Amino acid sequence: MRAADFCHETPDGKIQCDLCRHFCRLLPARSGICRVRRNIDGRLFSLNYGAAVSQSADPVEKKPLHHFMPGSRTWSFGAPGCNFTCANCQNWQISQMTSDLTDLPFTAPDTLVDNALHSGCPSISCTYTEPTIFAEYAIEVMKLARAAGLKTIWVSNGYMSPLCLDTIGPWLDAINVDLKSMDDAFYRRLCCARVEPVLDNLRRISRSGIHLEITTLLIPGHSDSPAMLERLTGFIAGELGHSIPWHATPFYPNISWKMQDTPATPASSIERAWTIGRKAGLYYIYCRPGHNDTICPHCGKTVIERTSWSSGPETMRLDVNGNCEYCHTPLSIKL
Ligand code: SF4
Ligand code: SF4
């Protein structure tokens with residue numbers, strides 16, 4: 001635990017947390033929606049600082065990032081808590097953790113960077129839960145990682161405040177943001193959040209120079225309707241860019257938090273999402289199974305072949321700049 005940044009006192013004696021778009025206002029002894037930031041005697045504290053609950057070297061494709069350092073592994077860690085309460089969450093044991101956070105072992109930021117270096121990973125990822133709610137920890141790790149020559153990655157729900165985004169931006173190389181739906185009702189019902197802040201952050205990130213990829217989980221009956229996916233892919237192509245990679249991923253009820261009665265995503269929905277994304281004009285659509293390869297939008301040749309969404313490439317046909325080896329068209333790939 002450490003004193004939190006990203007907060008200020010309000011005229012009515014509360015502490016407002018300025019880290020995410022919930023902007024919780026906390027009386028003494030109260031925690032925010034994420035349950036990992038608490039007003040203790042008039043000061044805001046980050047309870048999950050240093051609580052790295054998971055660490056492993058993952059293929060960067062598993063984040064998923066298919067256009068950032070393809071074929072590399074990334075040292076991945078998370079800290080407990082989340083500012084969303086997604087009923088579909090697959091990491092709910094740590095994102096919705098209720099045990100006493102002060103009991104968790106402390107992992108210093110430089111230990112995480114040392115672990116990444118010793119494992120031979122060229123990057124470090126803040127993932128598994130929501131990096132925003134352990135931002136003080138993540139920022140220290142990112143600064144040390146950069147100094148050690150590592151790239152930095154976030155996997156995020158995109159609900160950080162403008163202040164948080166401005167603060168992490170200079171230290172962040174790549175981000176995958178969940179765009180779960182275009183419907184505010186979906187965000188309210190399943191995540192206890194709103195959609196507009198996510199769209200606003202996506203616009204900001206796309207202008208920032210940070211490498212951006214987007215993921216949408218296709219939950220049958222909730223986030224797989226053709227009309228909604230047309231709006232979603234139209235937003236990506238129209239407002240963010242045709243070359244932003246879009247990952248449309250299947251839902252598995254057995255590992256979800258509260259949606260065991262919802263069926264798994266059928267193959268027909270995955271194919272339909274791919275077709276909708278193509279019609280919207282997106283160049284790079286990744287839908288498992290069946291659409292894991294990177295195809296050059298100019299010459300149509302397969303430039304990266306992947307046998308599964310989470311494994312490294314089988315073959316890569318890129319020139320030294322990450323462009324298509326056949327026709328040298330830029331593919332928005334950062335090597
Ligand atoms: S990070 Fe978000 S949810 Fe957590 S206390 Fe701050 S404003 Fe609230
Ligand atoms: S799915 Fe992501 S955003 Fe939602 S609760 Fe889980 S970790 Fe948080």
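The values are calculated or read from the model by the stated rules, or taken from the named source; none is laboratory data. Quantities reported herein were computed from a predicted structural model and do not represent experimental measurements. Every residue, glycine as well, gets a Cβ built from its backbone with ideal geometry; the counts of neighbours run over all protein chains shown. The protein model used for the area step is the full one, side chains on, heavy atoms only, and it has no ligands, DNA or RNA in it. Shrake-Rupley method; radii C 1.70, N 1.55, O 1.52, S 1.80 Å.
A few points about this structure:
- Inside the range 34-72, residues that are within 16 Å of ligand 2 (Cβ to nearest atom) and either farther than 22 Å from PRO330 by Cα or outside any loop (DSSP other than H, G, I, E, B) (or both) make up a count of 12.
- For GLY221, the conditions (1) of a type outside the set (Val, Ile, Thr); (2) under 15 Å from the mean Cα position of the chain (by Cα); (3) on the phi > 0 side of the Ramachandran plot are fulfilled apart from (2).
- Selection count where residues are in a strand (DSSP E or B), over 25 Å from ARG188 (Cα atoms) and either among the aromatic types (Phe, Trp, Tyr) or free of Cβ contacts under 8 Å to residues at least 40 places away in the same chain (or both), scope the range 1-22: 2
Results for (1) farther than 17 Å from LYS334 by Cα; (2) more than 16 Å from ligand 1 (Cβ to nearest atom); (3) modelled with pLDDT under 95, shown as yes or no for each residue.
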| residue | (1), (2), (3) |
| --- | --- |
| ILE153 | no, yes, no |
| GLY158 | yes, no, no |
| LEU165 | yes, no, no |
| ALA174 | no, yes, no |
| ASP184 | yes, yes, no |
| ALA193 | yes, no, no |
| PRO197 | yes, no, no |
| ASP200 | yes, no, no |
| ILE214 | no, yes, no |
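- Matching residues, the range 312-329, being open to solvent by less than 90 Å² (accessible area, probe 1.4 Å) and either not hydrophobic (A, V, I, L, M, F, W, C) or not in a loop (DSSP other than H, G, I, E, B) (or both): GLY312, PRO313, THR315, MET316, LEU318, ASP319, GLY322, ASN323, CYS324, GLU325, THR329
- With respect to (1) within 14 Å of ligand 1 (Cβ to nearest atom); (2) surrounded by fewer than 24 Cβ atoms within 10 Å (Cβ to Cβ); (3) touching a residue at least 24 places away in the same chain (Cβ under 8 Å), the lone exception for ALA79 is condition (2).
- Output for the range 281-310, where each listed residue is modelled with pLDDT of 95 or more and open to solvent by less than 30 Å² (accessible area, probe 1.4 Å): GLY281, LEU282, TYR284, ILE285, TYR286, THR294, CYS296, VAL303, ILE304
- Tally of residues being away from ligand 2 (no atom under 16 Å from the Cβ) and either part of a helix (DSSP H, G or I) or not assigned by TED's automatic domain parsing to the domain that holds GLU140 (or both) across the range 79-99: 0
- Checking the stated criteria, PRO220 turns out to be in contact (Cβ under 8 Å) with a residue 40 or more places away in the chain and over 15 Å from ILE285 (Cβ atoms).
- Pairing residues of the range 316-334 that are under 13 Å from SER243 (Cβ atoms) with residues that are of a type in the set (Phe, Trp, Tyr) and surrounded by 15 or more Cβ atoms within 10 Å (Cβ to Cβ), at Cβ distances under 6 Å and at least 6 apart in sequence or on separate chains, gives LYS334/PHE68.
- With respect to (1) in a loop (DSSP other than H, G, I, E, B); (2) away from ligand 1 (no atom under 16 Å from the Cβ); (3) in contact with a Pro (Cβ under 8 Å, 6 or more places away or on another chain), the lone exception for GLU140 is condition (1).
- Among the numbered conditions (1) among the hydroxyl-bearing types (Ser, Thr, Tyr); (2) in the same structural domain as ALA174 (by TED's automatic domain parsing); (3) modelled with pLDDT of 95 or more, the only one that THR102 does not meet is (3).
- Among the residues of the range 151-198, those that are outside any loop (DSSP other than H, G, I, E, B), β-branched (Val, Ile, Thr) and either touching a Leu at 6+ places or on another chain (Cβ under 8 Å) or farther than 14 Å from LEU19 by Cα (or both) comprise THR152, ILE153, VAL155, ILE175, VAL177, VAL198.
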